[in-house]
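Report on the following structure.
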Amino acid sequence: MNTTLKIPHGEDKVVVELTVKELMVLAGARFPNNHLIEVGARKKLNEVLEQTYEIEGRGQSTYEF
């Protein structure tokens, strides 16, 4: 079974402002005493995705399977 994921405008660029620590966490570094860095970085990415593709609140999906 071959499923292709098509994302309209998938090559468009978005801008996300991250701290150096947030970038390091997303690249694989670990800060064992501060899990909130990773949580904050992922939250920023999810917010940009929601704003860019209007994923939540509209009942529409921009993804095609």
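Remark: pairs (first residue in region 8-35, closer than 21 Å to residue 50 by Cα; second residue in a loop (DSSP other than H, G, I, E, B); Cβ separation under 6 Å; 6+ apart in sequence or on different chains) = 8/62. For residue 51, the criteria (1) part of a helix (DSSP H, G or I); (2) at pLDDT below 90; (3) touching a helix residue (DSSP H, G or I) at 6+ places or on another chain (Cβ under 7 Å) hold in every case but one, which is (3). Taken over region 1-16, the criterion of being surrounded by 10 or more Cβ atoms within 10 Å (Cβ to Cβ) and modelled with pLDDT of 85 or more is satisfied by 14, 16.
Of all residues in region 13-44, those that are within 14 Å of the chain's Cα centre (by Cα) and either of a type in the set (D, E, K, R) or assigned to a loop (DSSP other than H, G, I, E, B) (or both) total 12.
The values are calculated or read from the model by the stated rules, or taken from the named source; none is laboratory data. On a predicted model such as this, the values are computed, not experimentally measured, just so you know. Note: ideal-geometry Cβ built from the backbone for every residue, glycine included; neighbour counts use all protein chains shown.
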